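So the structure is just underneath, and the comments pick up after that.
Values quoted throughout were computed directly from the atomic coordinates according to the rules given, and no laboratory measurement underlies them. The structure displayed is predicted, hence computed values, not measured ones. Cβ atoms come from the backbone with ideal geometry, glycine included; neighbour counts cover every protein chain shown.
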Amino acid sequence: MTNKLQQFARHGFNWWVNHETHKAQQKYGFDMTKHEYSYSDTHNNEADAFKHAYMSWFLAWYANDKKSKELGDMHEDETPNAPMYERNMDLWNNEIGREIAHEMKSQYGKAVEILGTEWASEIASQMIWEKMQQGELITNPFNDRRRYENMEIERLKESDRIYTDGEFRNFDEKIKALNYDKYMDYVLDNHWEIPSVKNLDKRVLSGELIYVDNYIRSDGTKVCGYYRRRHYYASKK
């Protein structure tokens, strides 16, 4: 394929992804506000997050993870002067799209070979929207401090969180009761060692635990730093 044909094909694909993004916005109502530092209604907002996740899903769904990542990275490399926070947002959301393709293939198995594009697109769009609602996507590159390189750390589940002894003692009785079993499981698993800041810091240094610094979620919520168990995130990067 000549360069001109390749450019034409890519232009058509980009147009189609934007069309699908606008169609999904009409259904789910995500933000398409054009901000001060945005050049379109699908830039640096929820629509931007959806667009990248959807594009990456489509490529992984109909090709594979490797091809999806190659083309997604190539797209970012074509704008080397773009701000790093925009690149970070795009790479993060591209990864979410690949995960959705993997989840769909695992869930529907051989049925993916006989079900059409429209059906798959509807399912993927819904899953992207749900993950956006759950805060999985980066929708605001200006105040979301999560980093693509740290995805393994920053996407660990709440069940992996370890409360310090001081945090646990300061809970009211209702919250303390809800977290008592998890707290005691940690103590028992660590030879009755109380999870003081000093002891937890030692385990962070040894690589057994992770400490996540303060950050701001995409919805503006401030999250204080906390300790978590280490998981090995099955990334396809």
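In terms of the mean number of neighbouring beta-carbon atoms within 10 Å, the peptides 75-81, 63-69, 121-127, 136-142 order highest first as 136-142, 121-127, 63-69, 75-81.
For the range 1-104, what does the alpha-carbon gyration tensor say about shape, rounded, prolate or oblate, given a ≥ b ≥ c as the root eigenvalues, a/c under 1.5 as rounded, and a/b over b/c as prolate? Since a/c stays below 1.5, the shape of the range 1-104 is classed as rounded. Entry note, the chain: relative contact order of 17 percent, from Cα contacts under 8 Å with a spacing of 6+ residues. Each label was represented as a point 7 Å from its Cα along the Cα-to-Cβ direction; for residue 15 and residue 117 these points are 1.4 nm apart. Calculated over the chain, the projected area of the Cα convex hull averaged across directions stands at 16.4 nm². The C-alpha atoms of the chain define a longest principal axis, and helix 173-189 lies at about 80 degrees to it. Peptides 145-151, 191-197 ranked from most to least packed by the mean count of surrounding Cβ atoms within 10 Å: 145-151, 191-197.
For residue 67, a cut-off of 14 angstrom between C-alpha atoms picks up these aspartates and glutamates, skipping any fewer than 8 places away in its own chain: 95, 99. For residue 188, the shell of other residues with beta-carbons less than 14 Å away shows a net charge of -3, using +1 for Lys and Arg and -1 for Asp and Glu.
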